[in-house]
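Report on one structure; see the data block that follows.
The values are calculated or read from the model by the stated rules, or taken from the named source; none is laboratory data. Remember, it's a predicted structure, so these values are computed and weren't measured experimentally. Cβ: placed from backbone, ideal geometry, glycine included. Neighbour counts: every protein chain shown.
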Amino acid sequence: MSFLEKAYLPAIFKGMSITFGHMFKKRPTINYPEKTRPFSPVFRGLHILNRDEEGRENCTACGLCAVACPAEAITMEGAERKLGEENLYREEKYAAKYEINMLRCIFCGLCEEACPKDAIYLSETFAPSNFQRKGFIYGKDDLLIPNPKTDPEAYAKAKGNKKRNG
């Protein structure tokens, strides 16, 4: 070994050249609240319970999403539609109670694939932070997309950029 190799000078210069090279590159960090990173086409965020064009709920409480969920995060109770509620629900049966425990959810998308009515899908929205566990259990009111007839702007925003069938 030469004197330079014993003093580790070539290794030090090589390390310093790598460090100085990174100092002048563009930073990958994004200032999050002001700027947002574009979503991947396969990103799976918060769940949304979908409605049809007339504002009626698509969910028929068949329970396939709850059965398909490997984390057992979805619970639901079905109920029969009463007279006069035809404008609220598409089918005779609907989900009276629909809850997703986001602390258990692994965002796998199996609930979305299992649903025959396209009633649930995973949106492009992040799961917000919370200080209490009960804040992560989302009920039907939290999950239901806004009515397209009464609030079309909120409906379009909740739909996102993903192409959906319903």
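Here are the numbers:
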quantity	calculated
Qualifying residue in the range 86-96 (condition: surrounded by 15 or more Cβ atoms within 10 Å (Cβ to Cβ), aromatic (Phe, Trp, Tyr), at pLDDT 85 or above and at positive phi)	no
Failed condition for LEU110, given (1) out of contact with any strand residue (DSSP E or B) (no Cβ under 8 Å at 6 or more places or on another chain); (2) of a type in the set (A, V, I, L, M, F, W, C); (3) at pLDDT below 95	(3)
In the range 97-119, residue surrounded by the most Cβ atoms within 10 Å (Cβ to Cβ) [restricted to those that are in a strand (DSSP E or B) and within 14 Å of the chain's Cα centre (by Cα)]	ILE100
Total residues in the range 111-133, condition of a type in the set (S, T, N, Q) and either in contact with a Leu (Cβ under 6 Å, 6 or more places away or on another chain) or touching a residue at least 60 places away in the same chain (Cβ under 8 Å) (or both)	2
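Matching residues to (1) small (Gly, Ala, Ser); (2) under 30 Å from GLU86 (Cα atoms); (3) free of Cβ contacts under 8 Å to residues at least 60 places away in the same chain; (4) in a helix (DSSP H, G or I):
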residue	(1), (2), (3), (4)
PHE13	no, no, yes, yes
MET16	no, no, yes, yes
PHE20	no, no, yes, yes
THR29	no, no, yes, no
TYR32	no, no, yes, no
ARG37	no, no, yes, no
ARG44	no, no, no, no
GLU54	no, yes, no, no
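Residue-wise test of (1) charged (D, E, K, R); (2) under 30 Å from LEU110 (Cα atoms); (3) in contact with a helix residue (DSSP H, G or I) (Cβ under 9 Å, 6 or more places away or on another chain); (4) surrounded by fewer than 10 Cβ atoms within 10 Å (Cβ to Cβ).
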position	(1), (2), (3), (4)
LYS6	yes, no, no, yes
PRO33	no, no, no, yes
PRO38	no, yes, no, yes
VAL42	no, yes, no, yes
LEU46	no, yes, yes, no
LEU49	no, yes, yes, no
ALA66	no, yes, yes, no
ALA73	no, yes, yes, no
GLY78	no, yes, no, no
